[in-house]
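The values are calculated or read from the model by the stated rules, or taken from the named source; none is laboratory data. All values reported here derive from a predicted model rather than from experimental measurement. Here Cβ is always computed from backbone atoms with ideal geometry, including for glycine, and neighbour counts include all displayed protein chains. These accessible areas exclude ligands, DNA and RNA; they are computed on the full protein's heavy atoms, side chains included. Shrake-Rupley method; radii C 1.70, N 1.55, O 1.52, S 1.80 Å.
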Amino acid sequence: MRRIAQDVTAAASRAHRVIDRPADLYAYGPSPPCGVQIVQERIHADDHSTLVRCRQADCDYQATVADHQVTQLALREGTWLTLTELVGALTNGGVPVTRDQIKDWADREGLPHEKRARTRWIHGHVQKNEVWTYRVGEVRDLAPRAQERRKRTALST
């Protein structure tokens with residue numbers, strides 16, 4: 001009987017953890033007015049009514065996810081990111097780009113890029129490697145021009 005009671009208690013405890021699981025929190029970056037990191041429950045991209053809100057007492061910042069991502073992108077104009085980071089950040093900010101476009105701009109249009117040392121934690125060890133990085137503002141400026149060229153090309157054919 002004691003063994004059965006322990007098994008039932010353990011199963012109930014596991015079920016509680018699954019059922020009463022805390023909300024998934026997501027880091028939305030710093031609040032533009034005060035700079036405090038905004039961490040809250042993740043908002044689905046299709047949810048246009050839930051707002052990203054700063055919880056700082058003296059800050060009343062709030063915005064839709066789409067507006068907040070555009071603001072965050074504007075705040076990071078001078079930041080250097082890897083291809084993967086850049087594609088994710090720009091696409092989330094409403095500027096769809098691909099890795100191939102960025103590589104092409106670097107090769108053909110002279111998009112500034114530089115190698116930077118990055119450290120990563122892999123299998124319990126710190127590893128350093130060099131990666132190509134690109135400035136957010138430069139890529140953000142090239143994206144609309146490329147889109148406009150594609151439109152003109154499509155209209156002329």
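Only protein atoms count toward the accessible area here, which uses a 1.4 Å probe; on region 77-156, the carbon and sulfur part of that area reaches 49 percent. Using the Cα centre as the reference, give the magnitude of the dipole from point charges on the C-beta atoms of the chain (Lys, Arg: +1; Asp, Glu: -1; all else neutral), rounded to the nearest 20 debye. The calculated dipole for the chain is roughly 580 debye. For the chain, the per residue solvent-accessible surface stands at 72 Å², with DNA, RNA and ligands left out and a 1.4 Å probe.
Run lengths n ≥ 4 of DSSP H only: what is the helix-derived mean residue ellipticity at 222 nm for the chain, with -39500 (n - 2.57) per run over all residues, to the nearest 500?
One gets -14500 deg cm²/dmol as the mean residue ellipticity at 222 nm.
Straight Cα distances below 26 angstrom link residue 115 to the lysines 103, 128, with same-chain residues fewer than 8 positions distant left out. Dipole of the chain computed with +1 at Lys/Arg Cβ and -1 at Asp/Glu Cβ about the Cα centre; of 84, 129, 48, farthest Cα towards the positive end is 129.
When the alpha carbon gyration tensor of region 1-117 is reduced to an equivalent ellipsoid, the three semi-axes, largest first, read 41, 22, 13 Å. Surface composition of region 19-76: carbon plus sulfur atoms hold 49% of the accessible area, using a 1.4 angstrom probe and ignoring ligands, DNA and RNA. If only the Cβ of Lys and Arg carry +1 and only the Cβ of Asp and Glu carry -1, the dipole of region 77-156 around its Cα centre is close to 120 debye. Once the Cα atoms are used to define both axes, helix 2-19 deviates from the longest principal axis of the chain by about 30 degrees. Take the Kirkwood radius over Cα pairs of region 77-156, plug it into Stokes-Einstein at 4 °C and 1.567 mPa s, and you get 94 µm²/s for translational diffusion.
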